Amino acid sequence: MTYYISLILILLFLGIPLFAAYHYKTGMHRHIISAFSKMLLRLGILSICTYYIIVWNNIFPAILFTILLIGYTAITILVKARLKMRTYIIPISAGAFISVAIVSACISPLFIIGNNNLNIGHLLPIFAIVASEIVEGLSKSLSMYYSGLRNHNQLYYYLLYNGASSSEALQYMKRQAIKKAFVPNILKTASLGVSVTPVIMWAMTMCSENAINAFLFQLVFTLGAMSGTIIATIVSIYVAHHYIVDDYGKIVITPTK
Amino acid sequence: MINAKIRASQDTYIEDVTFSASSGDILAITGGTNTSRNAILLSILGILPLERGCVSIDCEPVIKQTSAFYRQKTAFLPTNLDFGEEKVEDVLNYELNLKANKDMKYSREEITDELRQLAVPAEVLSKSFKALDKPVTQRIALAMAGLQRRKILILDNPTKYQDEDGTLSIMSYLCSSQMKEIAIVTATEDPAILSVCNKVVKLNN
């Protein structure tokens, strides 16, 4: 009941910014409504799925939900990176899947050891957090990688014509992509606690968890997100290799939608 | 290259191109258009397949399956050298650390000496290509191609961006003693470069 009271209060409070947007003729109403609807839809679906997975406590719906979540993550990355859906859905899904699997496997012991009442539903937040954390870094790095190949490929051809294999000639672009994948994570890590809220830590503290445990959880998730992004970038680039270079080493990408 | 027919562009074909070059030769491909001369060079590298005829290096055909191997025996200077923000020494490292160059050892002195021969100061190594003008970039790329000490050196318009001094330094570089064991194939219209070539293949316009 208390949750609904808080929700009603915050909806009333939302009236102030909405009034401000109307009063100052910002023209933001459509954006606000669109963002609000998207959030409601996503959170609604997510919470319904999580509810049933916890109720059923069965591994198969949990796996199915995880695959759907990763598929959705891959599509979000493709849209943000402006890449062609049909060509890049497999490499990006592979990158997202492998990184989520590896990072989640590393994080899972925290749940298993720390919670005796563990059920399948408790693993879902890990997949969901890791998947959402990799979106920004991976989309930025892949966007840079493919637009670089399309628009700044003269060094690639120079190296190829001078005896490099196509994989060797792409090394410099891979280096740039990995650097790009690091950037949002470094920024986030450096500002965590000040301009970026450590949501996990505060949420756990609010739920009466030990502050040290909450801090460790936050630390593990932050580092997991960084390594997940880099792993996803490397795997996606590796898997996509034969889609972008033909038998003669010529770049054949058509990345924009 | 024997009796080659090459598709240079959508509706342009070059036919009956035949030439050979051995070590010490400087062979110029001249006449025709930039596209057609470039197409011949790419065919030697096995990047552009022939419609007819054959290309061979050391009496072995350069075909799709073998082209990557033969590119390890050739060094190439392209016309387009927009390497963006990359630093000169980084690009040099990419190139000199290729598997194709794994048997070569390069000292800093060798690199600066190669640059000096082409009138390029050693300070450029720490600069990005974006900060350099086209003539210097072209001479750096030529030095990088020469440093690899490959048996065949293929040059596409090596003096396209050069002034008189730049052209002179390139001519002197191509005629230097270190090039005596190398076969040089160049696409050019520059009379200065043509004057140092001992073989000329003239394409019809």
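Remarks
- The selection criterion, being without any contact (Cβ under 8 Å) to a residue 24 or more places away in the chain and of a type outside the set (A, V, I, L, M), holds for B:D11.
A quick yes/no check of all residues on (1) within 19 Å of A:F127 (Cβ to Cβ); (2) of a type in the set (S, T, Y); (3) in contact (Cβ under 8 Å) with a residue 40 or more places away in the chain:
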| residue | (1), (2), (3) |
| --- | --- |
| A:Y172 | no, yes, no |
| A:L192 | no, no, no |
| A:V199 | yes, no, no |
| A:W202 | no, no, no |
| A:C207 | no, no, no |
| A:L216 | no, no, yes |
| A:S227 | yes, yes, yes |
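- Residues located in the stretch B:123-145, provided they are surrounded by fewer than 14 Cβ atoms within 10 Å (Cβ to Cβ), within 24 Å of B:T167 (Cα to Cα) and away from chain A (no Cβ under 14 Å): B:E123, B:A131, B:D133
- Which numbered condition A:L155 fails, given (1) surrounded by fewer than 16 Cβ atoms within 10 Å (Cβ to Cβ); (2) more than 25 Å from A:I98 (Cβ to Cβ); (3) among the hydrophobic types (A, V, I, L, M, F, W, C): (1)
- Among the residues of the stretch B:79-98, those identified as without any contact (Cβ under 8 Å) to a residue 12 or more places away in the chain and either part of a helix (DSSP H, G or I) or among the charged types (D, E, K, R) (or both) are B:D90, B:N93, B:Y94.
- Annotation: B:I154 fulfils all but one of (1) buried (at least 16 other Cβ atoms within 10 Å of the Cβ); (2) of a type outside the set (S, T, Y); (3) farther than 18 Å from B:I40 by Cα; (4) out of contact with any Pro (no Cβ under 8 Å at 6 or more places or on another chain); the unmet one is (3).
- Those helices (runs of 4 or more DSSP H) of the stretch A:158-207 in which 2 or more residues are charged (D, E, K, R), within 14 Å of another protein chain (Cβ to nearest Cβ) and closer than 30 Å to B:A100 by Cβ occupy A:171-191.
- Failed item in (1) farther than 21 Å from B:R150 by Cβ; (2) away from every other protein chain (no Cβ under 14 Å); (3) among the hydrophobic types (A, V, I, L, M, F, W, C), with B:C59 passing the rest: (1)
- Taking (1) out of contact with any Gly (no Cβ under 8 Å at 6 or more places or on another chain); (2) within 25 Å of A:S132 (Cα to Cα) in turn, A:S236 satisfies each apart from (1).
Only the coordinates and a few stated rules stand behind these numbers; no lab work does. Since this is a predicted model, take the numbers as computed values, not measurements. Quick reminder, even Gly has a Cβ in these numbers, built from the backbone with ideal geometry, and neighbours come from all protein chains shown.
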